[in-house]
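The values are calculated or read from the model by the stated rules, or taken from the named source; none is laboratory data. Note that the coordinates shown come from a computational prediction; the quantities given were computed from them, not determined experimentally. Methodologically, a virtual Cβ is constructed for each residue, glycine included, from the backbone with ideal geometry; neighbour enumeration extends over all protein chains shown. In case anyone asks, the SASA skips ligands and DNA or RNA and just uses the protein heavy atoms, side chains included. Shrake-Rupley method; radii C 1.70, N 1.55, O 1.52, S 1.80 Å.
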Amino acid sequence: MPRLIPSRLAAACALALIALLSTAALAAAKGTPAKLRVVAGQKVLADQTLLTGTTAVSTSPRATCFGKEKAGSGKNVRVSGPTPLGLLAQAARSTAALRPLLVTDAFSFGLGLCAIGGREPRGEGYWQLRVNHRSSQVGGDAVKLKPRDEVLWYLTAGFPAPDELWLKAPRRVRAGRAFRVRVLAFDEKGKSGPAAGVKVSGAGKRTNANGYTVVSLRRPARLIARDGTDIPSNRVPVCVGGKCPRG
């Protein structure tokens, strides 16, 4: 077997190290995939999946929901790693409905969220953060996301917040052929159960006691479940035959 002389050995090691670092850098550049939903009352402001990671979050002097003395400085704050607040800030750059995003850096323990899309809580209301259907006990810049985590920011009028609806549906169906969907309701602790009496777009009847109903589509659609009280569900894109919803 040929022997590597020291210079060649060093070169081989250097190339191996470069390849390893390049792979790590590529993985970091790709970011962590996470799903973001932002809901204010019954209005869905965003429902999208993004790649997220360390990002700069802009603070604002207009973020005065905690008092004028706790307004933001106007500086950009680096938020390390994939976090719900970083995910939100990234989405706001390309989603007009999420702007202005008003954040304050007046607190020593982390960033404070005042408004999304200019919607600021009133009275006892607040922007609640849920990760994988569970209410977070720490700020949006302190939670570290894992791949495929589900993030929900919900503008609630107070405590306790309503249940979160979650829709399950097939991703591809045949035109005109009925198919079954199911709606679950999650409380703030992440406990789930069937959601009865819920309206699903495209369904002729509301969900039964087990959370099921039947839908029939002639064209691609994004299905959503609502009952007028609980948090509207995720949107599920359903393809019909070889055609899928735009985007």
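Things worth noting here:
- Number of the condition not met by ARG172 [criteria: (1) closer than 23 Å to THR59 by Cα; (2) of a type outside the set (Val, Ile, Thr); (3) open to solvent by 70 Å² or more (accessible area, probe 1.4 Å)]: (1)
- Identity of the residue in the stretch 44-64, touching a strand residue (DSSP E or B) at 6+ places or on another chain (Cβ under 6 Å) and in contact (Cβ under 8 Å) with a residue 60 or more places away in the chain, that ends up surrounded by the most Cβ atoms within 10 Å (Cβ to Cβ): THR52
- Restricting THR83, THR104, THR95 to residues that are over 18 Å from TYR154 (Cβ atoms) and at pLDDT 95 or above narrows the list to THR104.
- Scan the stretch 104-121 for residues that are open to solvent by 60 Å² or more (accessible area, probe 1.4 Å) and in contact (Cβ under 8 Å) with a residue 24 or more places away in the chain and the total you get is 3.
- Cβ-Cβ under 9 Å pairs, at least 6 apart or on other chains, the stretch 185-196 side within 11 Å of SER135 (Cβ to Cβ), far side β-branched (Val, Ile, Thr) and open to solvent by less than 50 Å² (accessible area, probe 1.4 Å): PHE186/ILE231
- Taken over the stretch 231-247, the criterion of being surrounded by fewer than 20 Cβ atoms within 10 Å (Cβ to Cβ) and assigned to a loop (DSSP other than H, G, I, E, B) is satisfied by ARG235, GLY241, GLY242, CYS244, PRO245, ARG246, GLY247.
- Positions within the stretch 209-247 being at pLDDT 95 or above, farther than 15 Å from LEU167 by Cα and among the charged types (D, E, K, R), in sequence order: ARG218, ARG219, LYS243
- The residue of the stretch 210-227 that is surrounded by the fewest Cβ atoms within 10 Å (Cβ to Cβ), among those that are in contact with a Lys or Arg (Cβ under 8 Å, 6 or more places away or on another chain) and assigned to a loop (DSSP other than H, G, I, E, B), is ARG219.
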